[in-house]
Structure formats: structure tokens, C-alpha cells
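To keep things clear, I will list the structure first and then write my remarks on it.
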Amino acid sequence: MANIIIAPGKYIQGKGEINNLGSYVSNLGSKSLILISPSGLKRVGENVENSFKETNTKIVFESFNGECSRNEINRLIEILKQNNCDNIIGIGGGKILDTAKAVAYYTGHPVSIVPTIASTDAPCSALSVVYTDEGAFEEYVFLPQNPNLVLIDTELVAKAPARLLVSGMGDALATYFEAKACFASNSTTCAGGTSTLAALGIAKLCYETLLSDGLKAKLAVENKVCTKAVENIIEANTLLSGIGFESGGLAAAHAIHNGFTVLDSCHHLYHGEKVAFGTITQLVLENAPLSEIEEVILFCKNVGLPINLEDMGITNVKPEELMSVAEAACAEGETIHNMPFTVTADMVYSAILTADALGKSYK
Ligand SMILES: [Zn+2]
């Protein structure tokens, strides 16, 4: 098995960069289909339009229907063809970006990704998550290529609700610990090979950036301002965690997250919030040094990520419910089996309860 690392073709991050979108996209095609929500169009439509004025690239705006589903992807493929567009741009949150990636893949055109929030590490990846029209998970579409371009305007992201940035930190928190586990077990990553020193190093930098700038960034964003710490956290959540998870590998933390999705009581949580508690549980599962677990718990407590089951919305702990979480986390094909030792549902159950007790002791 070869070591493989993949990444977007170009990553651009800075204040006001949305105003330069046109000049960056102009060498990717002559007519862009821009997928955006009606509220996004109101906020940045004019900036985007102006950014294309000095270029030879024409643009067509199209409203997103709200779900990254087969029907929506097919509808947009038709619109792209009818308008003779030769590239697509997604501006907004995760579902818009995933839809744009999928449309680009099925039509064989370049794609530019413009996230307006930093709540997960999905923007840079060669992956789309497809749902039914009703919003139930349907399938992962692994794409042959990462986005050609990812552009983040940090001023826009800093104005989004702080909980979204914090949730992105929760997603990014898992990256180093999962990459470390995959490195130890020599597991295959989403990049289609085993890890590289580069991916492991990026994952480590991701964790170090969270520890040094996470709290400062959260406080800045709560005040709707963009500081150097906010910029660093946006990069950690999006680029470092993006490459880190995709080419470093996923392990127990994300599998335990997937386990918690079976409980209705956790449905109000964002992806990264569940992943954060999954990370604490993974550390207990691998019997990490107490100092390491403590560092992670204190980070979560400071920025406002869940550190026990009550924070996860589970007030009345039922053993059979937790066992169903543990069993789902250990389902065949789950990334928990990338851990460097055999993991059973019993072990996950014990780790969840211990992580809960540890978290409570820091309350
Ligand atoms: Zn994630």
C-alpha cells in the first residue's frame, strides 16, 4: 500500500476575499453556474457579481433547494447544461458545497468552493454526502478529485454565529487523535492509501492551533469581530482538519459520533459537538495519559463543547440506549476498526460511561 496525500488545487483565505472570487475563478472556465441560497445571494450577491466584472467569465446564479439530494443534483446538472456553463461555484454551508462538488463530478467540470461558515472540515475534501429529499442520509460519494479552488472570506465567517465556529473546532479536535491512531495501525485513509508524515504533521498543527487560539477566536466571534486567532481557527477547522482527516484517516471519534446519531436526544447537536465528546471517549478507549485527556476536556469546557452525557442532551442515562450507541459505533465498516487494537461494543460502552464521569469531575 502506498502513502497518499490529497488536497484542493488552491486554498485562498483572507478578509474581503469574496471580492476577488471572479479573478481566481476566471481561469477555470468562461461561464460559471453559482449555487447559493436566497439569503446568501442577498448578503454577498453584489460582491460576487462585481468580482466578475473585470473578467471574461459570465455568471448565472441559481438558488439551492435546501438538500443535497439526487433530485437536486440532477436538476442542477440540467440547469448547467441549458446555460452552457463550464464550471460551478458553491457559496454557503456544507450542503450547498457538497451539491456543487457532485454536480461538477457528474458533468466533468471544475468546481470552486466558497464556505461562508467554518463548522466542519468538509469544504476541502473530495467527498459529497448525499441525502434523500426528506433529509435522511443516503450515501457518501467519493469524488476522484478535490475542489479546484477553496476560497474563504474570514470576515464573512466571523459574522456567523459563534456556535458554528466552535462546532468546527469540535470536528477539528478529533483530527490529530484519529490520524495518530490510523498512523499507528497503518490504516487506509479516505485518500486511498496509508498516511504520510505530512498529513500527520498537519493534523498535529491543527490540534496545537486549537489549543493556542480556540478560546480567543470564540470570544472574538461572539463580538462579531475577526482577529488573528479567528483567522488561525478558520484555517485549522477548514484546511488543516480537512487535509488531516482526509489523508490522515478517521478512527474511533467519528465512529462514536455516528453511534450517537441513533439517539433522538442528540439530534439538536451539530456534527462537531458530537465529535468532540467522541474524541474524549476515544482517548479513554485507548487509555491515553490522564494529562492528555485533561488537556482535551479543559479545551472543550473553555470553548463550550460537550464534556459529558448531560451536555450531549442525555439526562437520564439508560444502559440499553448507550449500548445501542456503542453497537452502532462498532458496525462493520466503521472507522473505529482503524484503531490499532480490536474494539468491541463493550469496550466503547465502558469508555463512554468513563468519559462521562471524567467530564463531570471537571464541571
Ligand atoms: Zn467530521
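The values are calculated or read from the model by the stated rules, or taken from the named source; none is laboratory data. Only a predicted model underlies this, so the values are computations on that prediction, with no experimental measurement involved. Methodologically, a virtual Cβ is constructed for each residue, glycine included, from the backbone with ideal geometry; neighbour enumeration extends over all protein chains shown. With ligands, DNA and RNA removed, areas are computed over all heavy atoms of the protein, side chains included. Shrake-Rupley method; radii C 1.70, N 1.55, O 1.52, S 1.80 Å.
Just read off the accessible area of residue 81 with the full protein assembly in place, 1.4 Å probe, to the nearest 10 Å².
Estimated to the nearest 10 Å², residue 81 gives 120 Å².
Heavy-atom accessible area per residue, the chain, 1.4 Å probe: how many Å²?
That works out to 40 Å² per residue.
Highest mean first, how do 229-241, 126-138 rank when packing is the count of other Cβ atoms within 10 Å averaged over residues?
Final packing ranking: 229-241, 126-138.
In the range 123-253, what percent of the accessible surface is made up of carbon and sulfur (1.4 Å probe, ligands and nucleic acids excluded)?
In the range 123-253, the share of accessible area belonging to carbon and sulfur is 58 percent.
For Cα pairs less than 8 Å apart in space and 6+ apart in sequence, what is the mean separation divided by the residue count of the range 200-303, i.e. the relative contact order in percent?
27
Strictly over 20 Å apart at the Cα level, which of 95/204; 10/180; 216/301 would you flag in this model?
95/204; 10/180
Based solely on its DSSP helices, what 222 nm [θ] is calculated for the chain when runs of n ≥ 4 H residues each add -39,500 (n - 2.57) and the sum is averaged over all residues, nearest 500 deg cm²/dmol?
Rounded to the nearest 500, the figure is -16000 deg cm²/dmol.
Expressed as an acute angle from 0 to 90° and rounded to the nearest 10, what is the orientation of the C-alpha long axis of helix 70-82 relative to the principal long axis of the chain?
Tilt relative to the chain: about 20 degrees.
Please report the spacing between the Cα centers of the range 83-156 and the range 305-363 in Å, no decimals.
31
Kindly express, to the nearest 10 degrees and within the range 0 to 90, the angle between helix 345-361's C-alpha long axis and the longest C-alpha principal axis of the chain.
90
What is the magnitude of the charge dipole of the range 157-229 about its Cα centre, with +1 placed on the Cβ of each Lys and Arg, -1 on the Cβ of each Asp and Glu, and no other charges, expressed in debye to the nearest 20?
That gives a dipole near 280 debye.
In percent, how large is the relative contact order of the range 1-59, given Cα pairs closer than 8 Å and 6 or more residues apart?
With pairs under 8 Å counted, the relative contact order is 46 percent.
If packing is taken as the average count of other Cβ atoms within 10 Å, what order do 329-339, 174-184, 102-112 fall into, highest mean first?
Ranked by mean Cβ neighbours within 10 Å, highest first: 174-184, 102-112, 329-339.
Let's see if you can work this out: charge +1 on each Lys and Arg Cβ, -1 on each Asp and Glu Cβ, no other charges. What is the dipole magnitude of the range 106-209 about its Cα centre, in debye to the nearest 20?
Dipole magnitude for the range 106-209 comes out near 380 debye.
How far, in degrees from 0 to 90, does helix 319-329 lean away from the longest principal axis of the Cα atoms of the chain, to the nearest 10?
So the inclination is approximately 50 degrees.
For the charge dipole of the chain, defined by +1 on Lys and Arg C-beta atoms and -1 on Asp and Glu C-beta atoms about the Cα centroid, which residue among 266, 187, 123 has the Cα displaced farthest towards the positive pole?
The residue sitting most towards the positive pole is 123.
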